[in-house]
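Everything on this sheet refers to the single structure shown next.
The values are calculated or read from the model by the stated rules, or taken from the named source; none is laboratory data. Remember, it's a predicted structure, so these values are computed and weren't measured experimentally. Methodologically, a virtual Cβ is constructed for each residue, glycine included, from the backbone with ideal geometry; neighbour enumeration extends over all protein chains shown. Only protein heavy atoms, including side chains, enter the accessible area calculation; ligands, DNA and RNA are left aside. Shrake-Rupley method; radii C 1.70, N 1.55, O 1.52, S 1.80 Å.
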Amino acid sequence: MTTPTTDDRPGLIEARPVRHPGRWVALAVIIVLVAMLISSFITNERWGFSKALEIMNQKPVLEGLWKGTIVGTIGSMAIGIVGGVIIAILRLSQNPVLRGVSFVYTWFFRGIPRLVLLAMIGSGIGFLYANLDFGIPFGKQLASLMGLSSDFTFFTLDVNQFSSSLLAGIIGLGLSEAAYMAEIARAGILSVDKGQNEAAAALGMNRGQSMRRIVLPQAMRVIVPPTGNETIAMVKDTSLLSAIPIITELFYQTRAIGTRTLQIMPSFVAVTAWYLLVGSVLMVGQYFLEKRFGRGFGTGAPNKRFARPAGAGGA
Amino acid sequence: MSDTTTSEPTREPTTRPTSGADARSRTGEDRPLVRALNVLKSFHGNEVLKGIDLDVHRGEVVCLLGPSGSGKTTFLRCINQLEEIDGGRIWVDGDLVGFRDDGGQLHHLTDKQVATQRREIGMVFQRFNLFPHMTALQNVMEAPVQVRRVGKTKARARALELLEQVGLGDKPNAYPAQLSGGQQQRVAIARALAMDPKLMLFDEPTSALDPELVGEVLRVMRELADQGMTMIVVTHEMGFARDVADHVVFMDGGVVVEQGKPKDVISNPQHERTKSFLKRMRAEDDEAAADAESLETPDA
């Protein structure tokens, strides 16, 4: 490439950049504040970082982290995502009864606080329904009407025993999450260009195929980022499991140790550190998920040359 | 595309009944592939189609012309049930579209039956509507595998063949976003052909394209016509209509104003509305040609 600088023809540009004194001022202020904070960490022994590290590695804390936080988050988000997508599809269905069911579900579970829901599952459900019988609807009434000894019950669940288990807590959080995920999934589905549905229909695909193969994979691009948000929120909301009450739970265990050993603040530091760590790992995971579902949308496609939305014909 | 050609060696002469000859007379060879009788369609009380009659015979290429808002796209979409008609009847290959006739009482078809009818009809959209999360090859394979349950190996071989046919044999693994508009539209044509349709519908297939990309799409369509595919094409490309169509239909305000052989309708229109429309189109073409010329001789 020739860059003639002779004659009157302008050559390469060597302009001075705009100065940003504000950035330097901000940097100076932040450095001073951070230095003050770090100095307080060192000089203020009440922080007790070494104690906090000890607490983080206690067996009950690790068990609480694994069962309550990690298994709790994975389980409740799995229920929440699957349930949410199903509820969103019902909401967009052509069947008015299913649409109504979906609306009422979202209305109910979005309306009650998780703390209240979990407390209710923990102590209320078992009081109302001590046993859950699985069988034919109104089996007992039918059996007595027909004079049979059997009551058409296949198996019975002891609700009092079940309702205080981790599984009950996960189901409770999952049901609540499904209501939120339904709204996210619905927004994702609606974000897909309606020409996509038409193209699928014109090829002879039925509604299910079109939803599963064409619409949902594209909706995922819109669904994944807020779902990552929901997952990180769920990590924190697993601390509500102690309302069931479930004691194999991270915050419950760290606080118990803190209270017992009079290391209140180190126990808070320990639990904060664990939540931040789990949240950081999830953020990395979210980055890769977003990349995966951005396929074909410029960002994820290899050797992108046209950075415009496809399918919409660039319009 | 040997399997989509019909038994008739040449295109039928276009002798068409002007109105309601008994559409249910199933006399085999004479029966048009598409017959529309008095098709009516309104959107929110606004009448878009006011009684369209049209016959399309096997192997014929019919171009629908007319100003925007004349109902030609709506009519095309009605054939494929992307819109439901309010009145009249459409038959494709003797089957009533969208309904089951039970001794005079019509019943809506189920979703499954509608899907089955659509399999036989390929459609190409103005805005391509390729599936952006799939490669060109996957786009073409999708319907045969999912709908016709063709084996993946067989579907892949056929898809590659079709991509070759539309001149994109070298781009099976490109995502739509990596293709130009003309390339995307050619993939869309291959995708529709993969279902071995009896009939291809084109809804302004070149309207969303940059002018220099129109030719490559029209060329593919021309080849398809030469192979004997029955095609209904909504278009503003007068050159294509004049050279390729067996029959052109001029629509305006939801009615067929004039129809016939392209040389009659385009070169010698009888109706006033046809004349003024064609004049407008010609003026635009001249303008475009003038633009092109001025581009070819840039200032030194």
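Evaluating residue A:221 against the criteria (1) more than 9 Å from every other protein chain (Cβ to nearest Cβ); (2) open to solvent by 10 Å² or more (accessible area, probe 1.4 Å); (3) within 19 Å of the chain's Cα centre (by Cα); (4) more than 30 Å from residue B:116 (Cβ to Cβ) leaves one unmet condition, (1). Among the candidates B:172, B:176, the residue that is more than 21 Å from residue B:198 (Cα to Cα), at the interface with another protein chain (Cβ under 8 Å from one of its Cβ atoms), crowded, with 18+ Cβ neighbours inside 10 Å and modelled with pLDDT of 95 or more is uniquely B:176.
One residue stands out in the range A:186-203 among those that are of a type in the set (Gly, Ala, Ser), surrounded by fewer than 23 Cβ atoms within 10 Å (Cβ to Cβ) and in contact with a Lys or Arg (Cβ under 7 Å, 6 or more places away or on another chain): the one that is nearest to the other protein chains (Cβ to nearest Cβ), namely A:195.
Residue B:127 passes every criterion in (1) open to solvent by 10 Å² or more (accessible area, probe 1.4 Å); (2) more than 8 Å from chain A (Cβ to nearest Cβ); (3) within 16 Å of residue B:185 (Cα to Cα) apart from (2).
Restricting to the range B:108-124, and then to whatever is charged (D, E, K, R) and within 7 Å of chain A (Cβ to nearest Cβ), can you tell me which residue is least open to solvent (accessible area, probe 1.4 Å)? The selected residue is B:118. The lone criterion from (1) within 12 Å of chain A (Cβ to nearest Cβ); (2) surrounded by fewer than 24 Cβ atoms within 10 Å (Cβ to Cβ); (3) part of a strand (DSSP E or B) left unmet by residue B:100 is number (1). For the range A:281-298, the criterion of being at pLDDT below 75 and of a type in the set (Val, Ile, Thr) is satisfied by no residue at all.
In the range B:148-157 there is no residue matching the filter, namely being over 22 Å from the mean Cα position of the chain (by Cα), facing chain A (nearest Cβ under 9 Å) and either within 23 Å of residue A:292 (Cβ to Cβ) or among the aromatic types (Phe, Trp, Tyr) (or both).
I'd like the full set of residues that are small (Gly, Ala, Ser) and either open to solvent by less than 20 Å² (accessible area, probe 1.4 Å) or assigned to a helix (DSSP H, G or I) (or both), limited to the range B:203-227. B:215, B:225 - these are the residues of the range B:203-227 that are small (Gly, Ala, Ser) and either open to solvent by less than 20 Å² (accessible area, probe 1.4 Å) or assigned to a helix (DSSP H, G or I) (or both).
Check the range A:140-158 and report whether any residue there is assigned to a helix (DSSP H, G or I), in contact with a Leu (Cβ under 9 Å, 6 or more places away or on another chain) and open to solvent by less than 10 Å² (accessible area, probe 1.4 Å). No, the range A:140-158 contains no residue that is assigned to a helix (DSSP H, G or I), in contact with a Leu (Cβ under 9 Å, 6 or more places away or on another chain) and open to solvent by less than 10 Å² (accessible area, probe 1.4 Å). Restricting A:64, A:111, A:124 to residues that are surrounded by 19 or more Cβ atoms within 10 Å (Cβ to Cβ) and within 30 Å of residue A:246 (Cα to Cα) narrows the list to A:64. Is at least one residue of the range B:27-35 farther than 25 Å from residue B:189 by Cα, modelled with pLDDT under 70, assigned to a loop (DSSP other than H, G, I, E, B) and over 17 Å from the mean Cα position of the chain (by Cα)? Yes, the range B:27-35 contains at least one residue that is farther than 25 Å from residue B:189 by Cα, modelled with pLDDT under 70, assigned to a loop (DSSP other than H, G, I, E, B) and over 17 Å from the mean Cα position of the chain (by Cα).
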